[in-house]
1. I need the full set of residues from region A:41-59 which are at the interface with chain B (Cβ under 7 Å from one of its Cβ atoms) and under 8 Å from the mean Cα position of the chain (by Cα), in order please.
2. Considering region B:25-63 alone, what residues qualify as being closer than 22 Å to residue A:164 by Cβ, part of a helix (DSSP H, G or I) and of a type in the set (Asp, Glu)?
3. Being facing chain B (nearest Cβ under 10 Å) and not hydrophobic (A, V, I, L, M, F, W, C) is the filter; apply it to region A:60-74 and report the residue that is surrounded by the most Cβ atoms within 10 Å (Cβ to Cβ).
4. Within region A:75-83, is there a residue that is open to solvent by 50 Å² or more (accessible area, probe 1.4 Å) and of a type in the set (Lys, Arg)?
5. Determine the pairs where a residue that is in the same structural domain as residue B:15 (by TED's automatic domain parsing), located within region B:39-62, has a partner that is basic (Lys, Arg) and in a helix (DSSP H, G or I) with Cβ atoms under 7 Å apart, the partner being 6 or more residues away or on another chain.
6. It is to be established whether one or more residues within region B:14-31 are touching a Pro at 6+ places or on another chain (Cβ under 8 Å) and within 14 Å of chain A (Cβ to nearest Cβ).
7. List every residue pair whose Cβ atoms lie under 8 Å apart, where the two residues are 6 or more positions apart in sequence or sit on different chains, the first residue falls within region A:35-54 and is in contact (Cβ under 8 Å) with a residue 12 or more places away in the chain and assigned by TED's automatic domain parsing to the domain that holds residue A:87, and the second residue, located anywhere, is buried (at least 17 other Cβ atoms within 10 Å of the Cβ) and not in a helix (DSSP H, G or I).
8. With the structure loaded, tell me whether residue A:152 is modelled with pLDDT of 85 or more and either under 19 Å from the mean Cα position of the chain (by Cα) or not charged (D, E, K, R) (or both) or whether it fails that test.
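The values are calculated or read from the model by the stated rules, or taken from the named source; none is laboratory data. Remember, it's a predicted structure, so these values are computed and weren't measured experimentally. Cβ sites come from the backbone with ideal geometry, for glycine too, and all protein chains shown count toward neighbours. In case anyone asks, the SASA skips ligands and DNA or RNA and just uses the protein heavy atoms, side chains included. Shrake-Rupley method; radii C 1.70, N 1.55, O 1.52, S 1.80 Å.
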Amino acid sequence: MRRGNPRAHGTRNLRTTMEPFPLASVSPVVIDLDTLLARCRRGDPLAWEELVRRFQGRIYGFAVFYLRDREEARDAAQEIFVRLYKHLGEMRDGGTFVPWLLTMARNCCIDRLRALGARAPQDPIEIDPPSMAPSPEDAMLQHARRTLLYRALDTLSDVNREIVLLKDIHQLKIEEIGSLLRLPIGTIKSRSNRARTELAKAVRSMAGATP
Amino acid sequence: MTFLERVLASTSGPVCASAEERFVPFVAGELDAADRELVAAHAAGCPACRHELSRVRVLMSDLSRAAEITPDAAFVADVLRQTSGVPDPAASRWTEAWRRFALRPRFALEVAYVGAVVLCVIGTFTDLHVRAVPDLVRTMISDIKETP
């Protein structure tokens, strides 16, 4: 009877067990926000990681928009997540979570701006070209359009820019923006229309001026 | 110059500026049916406004995609490291609730009231009387002395 080398057999078994788990075979199910929040409230660390992963781009983008400095924005975004973690018990359901989170993020950014005082950066927003574009040409085009958009946003007044940020970029409802900025709904509506028209004009003139 | 342009020129003047003001709400779907029809009809007959409308469409699409700026790859790990030292939110929720309860101005009065009620209940339903305590202590001490 022929026996195989037990050592080699053991090595093969070890290799088999050490192979990475085939993640591609796991169907990408997106957990709904309510479930994710409920799990976070129960103290599930994986749910918390997923929540950070899901909102990192949004919160970092929000902070970059206010602080205009990527390092400051990174610190602020981390602070926002730490504050969020401390207030996990107060977290609302999925429907009201985003406005609640953005209110907290805005307060945090305003606190930082106050602390920065005269050192508050006024540079234009700088972003990296997108890494997920189908081709390098698409990446360059997207990057150019987004840079143009940020430059055009800079031409708006502070309040109008904030309204565009909350309404058109973060898709908050008029009522939510009203309570966040403590402005009447009618003012938000009229300012929003004016701000977007101004923005469209600024983009057109900048695009025309760009060689 | 087309017939329509000639009529507009001699009456209201060019209407492109008026149409342009409605392009953003048109693309955002915020116009009522009548306004939507008017803008669509104007854009259908005006190449410049059609071009501008497509530009606004791109702008609105870019705006909705501008919410996210991806931070560096270490960001999530840094956040998890910072939150690992923070107390468990489920436990801190109870602590916070208890702290809020205890910090109410009436809390001391309530504790005194409950304590008085408890003492009354003990005094009423048990054989232990406060006046008997010194005798009890004396008996216990003499018992201890007598024990070899």
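1. Result: A:56, A:57, A:58.
2. B:35, B:52, B:62
3. Looking only at region A:60-74, we keep the residues that are facing chain B (nearest Cβ under 10 Å), and these are A:60-65, A:70, A:73-74.
Pick out the ones that are also not hydrophobic (A, V, I, L, M, F, W, C) and you get A:60-61, A:70, A:74.
On the way: A:60: 25, A:61: 22, A:70: 20, A:74: 19.
Restricting to residues being facing chain B (nearest Cβ under 10 Å) and not hydrophobic (A, V, I, L, M, F, W, C), the top hit is A:60.
4. So the first thing to find is which residues in region A:75-83 are open to solvent by 50 Å² or more (accessible area, probe 1.4 Å), and the list is A:75, A:79, A:83.
Next cut, of a type in the set (Lys, Arg) only: A:83.
The answer is yes, given that some residue of region A:75-83 is open to solvent by 50 Å² or more (accessible area, probe 1.4 Å) and of a type in the set (Lys, Arg).
5. B:43/B:50; B:55/A:204; B:62/A:145; B:62/A:146
6. Going residue by residue through region B:14-31, those that are touching a Pro at 6+ places or on another chain (Cβ under 8 Å) are B:31.
Then drop every residue that is not within 14 Å of chain A (Cβ to nearest Cβ), which leaves B:31.
Taking every residue of region B:14-31 in turn, at least one turns out to be touching a Pro at 6+ places or on another chain (Cβ under 8 Å) and within 14 Å of chain A (Cβ to nearest Cβ).
7. A:37/A:91; A:40/A:91; A:41/A:91
8. Details: modelled with pLDDT of 85 or more: yes; either under 19 Å from the mean Cα position of the chain (by Cα) or not charged (D, E, K, R) (or both): yes.
It is true that residue A:152 is modelled with pLDDT of 85 or more and either under 19 Å from the mean Cα position of the chain (by Cα) or not charged (D, E, K, R) (or both).
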